[in-house]
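For reference, the structure is listed below as structure tokens.
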Amino acid sequence: YLAILGTVVAAGILGSGRLGYAVRNLAIWALVILALVVGYQYRYELQDVASRLSAGLIPGSPLSITDGDGNTSVMLDKGPDGHFEARATIDGRSIRVLVDTGASATVLTAADATAVGIDMSALRYIVPVSTANGITRAARTTVQDLSVGAISRRSLPVLVAEAGALDRSLLGMNFLGSLTGFDVRGDRMILRD
């Protein structure tokens, strides 16, 4: 079959009378195929480069790295305001959260809770919470999936703050404490799963 295919290609090249044009097209196709093979072979390395690039260009973008043993780490860069923020995915929707080791629970603003599809009419604001602005109330609920980069937690209990009580959502210790560890090195926070 390969001999027949080679004969047909050779006949087409030689029969066209424009040998230089045909050789140039074959060389272009060979380069395209080579680029696709190289891209496929280095797909994970290229994915890391793309993640690093997006983390540098979009504040809060998590950079996920999986080592040879299957352990996952997520790196977050410090934002311009000096806080660590992350783009978290909650039930399929992306929101920005402030990483807060002083918060015992993950707390969503009312706007973010609505954005991720939480039924606000079913919430009861009976949980007293202490914030920098004083005491307020929050409602308990559960999200089906909360992910920061490649680290994901299912059926995670969260709180929803009353409207206007919180200016941004918080990623608290109920998520951070489920990790094998996290630490801060200069302007970078590393979460380990």
In the P(r) worked out for the chain, what percent of Cα pairs fall beyond 28 Å? 44 percent
Suppose a student asked you for the relative contact order of the stretch 118-182, using Cα pairs under 8 Å spaced at least 6 residues apart; what percent would you report? 23 percent
Quote the accessible area belonging to residue 23 in square angstrom, nearest 10, computed with a 1.4 Å probe and with ligands, DNA and RNA left uncounted. 80 Å²
Sparsely packed trypsin sites (Lys or Arg not before Pro) within the stretch 56-141, loop by DSSP, other Cβ within 10 Å at most 12: 124
Given Cβ point charges of +1 (Lys, Arg) and -1 (Asp, Glu) and nothing else, what value in debye, to the nearest 20, does the dipole of the stretch 71-149 about its Cα centre take? 200 debye
When only Cα pairs under 8 Å and 6 or more residues apart are kept, what is the percent relative contact order across the chain? 21 percent
Using 13 Å as the cut-off for backbone N distance, which residues of the stretch 91-121 belong to the label zone defined by a point 7 Å from the Cα of residue 173 along Cα→Cβ? 100-106
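Using Stokes-Einstein with the Kirkwood hydrodynamic radius over Cα pairs, what translational diffusion coefficient do you get for the stretch 100-193 at 4 °C and a viscosity of 1.567 mPa s, in µm²/s rounded to a whole number?
Values: Rh = 14.0 Å.
Translational diffusion coefficient: 93 µm²/s.
Given Cβ point charges of +1 (Lys, Arg) and -1 (Asp, Glu) and nothing else, what value in debye, to the nearest 20, does the dipole of the stretch 103-193 about its Cα centre take? Show your work: numbers first, answer last.
Numbers: 9 positive and 8 negative charges, 38 e Å.
My answer is approximately 180 debye.
Over the chain, with every protein chain in place, what whole percent of the accessible area is carbon and sulfur at 1.4 Å, could you tell me? Intermediate results must be reported in sequence, preceding the final value.
Values: 6980 of 11810 Å².
The nonpolar share, carbon plus sulfur, comes to 59 percent.
The values are calculated or read from the model by the stated rules, or taken from the named source; none is laboratory data. Every value quoted in this text rests on a predicted model; they were computed, and no experiment measured them. Neighbour counts run over all protein chains shown; Cβ positions are idealised from the backbone, glycine included. For accessibility, only protein heavy atoms count, side chains too; no ligands or nucleic acids. Shrake-Rupley method; radii C 1.70, N 1.55, O 1.52, S 1.80 Å.
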